[in-house]
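Read the structure below first, then the notes.
Only the coordinates and a few stated rules stand behind these numbers; no lab work does. Computed from a predicted structure; not experimentally measured. Cβ placement follows ideal geometry from the backbone for every residue including glycine, while neighbour counts extend to all protein chains displayed.
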Amino acid sequence: MAKFHNFFCQMTLNQDEYFSVKSPLQTEIKIKGSRFIANIFHAETKEEAEVLYKNLCRKYHDATHNCYAFRITEDLFRYSDDGEPSGTAGKPLLQMIDAKGLLEVICVVTRYFGGVKLGTGGLIRAYSQAAQSALDAVTLVKKTIRSRFILSCGYELENTVRNIINRFKGIVENAEYTEQIKIIVAVPESRSELFLQEINEQTNSVVNAKRLG
């Protein structure tokens with residue numbers, strides 16, 4: 001579980017679990033004439049987040065600023081002030097995401113200038129409020145960090161392998177039946193080494209197990 005999760009998340013999540021957003025959401029607030037439009041999306045990769053941001057920039061091409069922050073994993077994040085004074089937009093957006101303890105999330109706040117300058121403190125508050133308005137309204141979903149493996153075995157070992165997968169709460173993503181059975185499975189990350197150990201012990205290391213990604 002990511003170290004920046006808030007107290008609520010720490011009380012409700014297991015080691016491999018985290019919260020993300022279930023579906024896109026948009027909210028809008030007005031501060032001293034300026035419109036702040038917040039869009040929240042789920043994004044599993046940096047590339048996906050970047051595409052979502054570019055699409056919004058095209059949609060709001062006439063906006064004064066399109067600022068964003070995303071956090072994909074604990075170590076993978078980005079943010080941009082998009083022309084606002086340094087530290088007044090992107091970083092506050094990221095801080096709001098982290099305050100909720102979310103992963104795989106991008107928040108984009110579009111500003112249409114209303115004629116009144118807000119100052120450094122005012123901008124930080126405005127972008128924070130815009131992000132919070134969306135983050136408070138969005139539906140969250142609990143997800144599990146998993147490690148993926150491809151397992152190759154003979155037909156006589158299929159039941160043994162599938163029983164182990166079930167005991168470790170694994171998810172079978174695909175199975176191919178040719179000369180051998182090839183199973184792609186995702187298991188909770190914290191139990192992945194024990195999973196491999198159990199596969200080897202219960203099948204006398206006959207099953208070929210390779211980690212994916």
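For this structure, a couple of remarks:
- Options 171, 159, 206, ranked by Cα towards positive dipole end of segment 146-212, top entry (Cβ charges): 171
- Expressed as a whole percent, the proportion of Cα-Cα pairs in segment 146-212 lying more than 18 Å apart is 23%.
- Cross-link reach list, aspartates and glutamates versus residue 210, counting only Cα pairs under 13 Å and skipping chain neighbours closer than eight places: 193
- Choice from 196, 135, 102 showing the highest fluctuation, given a GNM over the chain with Cα pairs closer than 10 Å: 196
- Charge dipole (debye, nearest 20) of segment 7-142; +1 at Cβ of Lys and Arg, -1 at Cβ of Asp and Glu: 660 debye
- For the chain, relative contact order (Cα pairs under 8 Å, six or more residues apart, normalised by length) works out to 23 percent.
- Lys pairs under 26 Å by Cα in segment 60-172, provided they are eight or more residues apart or on distinct chains: 8
- Net +/- balance of residues flanking residue 96 in space, Cβ distance below 13 Å, scoring K and R +1, D and E -1: +2
- Charge tally in the Cβ shell below 14 Å around residue 55, where Lys, Arg are +1 and Asp, Glu are -1, residue 55 excluded: 0
- Ordered by the count of other Cβ atoms within 10 Å of each Cβ, fewest first, 111, 162, 167 give 167, 162, 111.
- 222 nm mean residue ellipticity, helices alone, for the chain (DSSP H n ≥ 4; -39,500 (n - 2.57); rounded to 500): -10000 deg cm²/dmol
- Paramagnetic reach from residue 59 (point 7 Å along Cα→Cβ, amide N under 17 Å) across segment 89-109: 105-109
- Amide proton proximity set for residue 208, modelled H, under 5 Å, gap of 5+: 152
- Peptide packing for 46-54, 32-40 was compared via the average number of neighbouring C-beta atoms within 10 Å per residue; ordered from the highest value, the list is 32-40, 46-54.
- Calculated diffusion of segment 7-142, Stokes-Einstein form, Kirkwood radius summed over Cα pairs, 10 °C and 1.306 mPa s, µm²/s: 107 µm²/s
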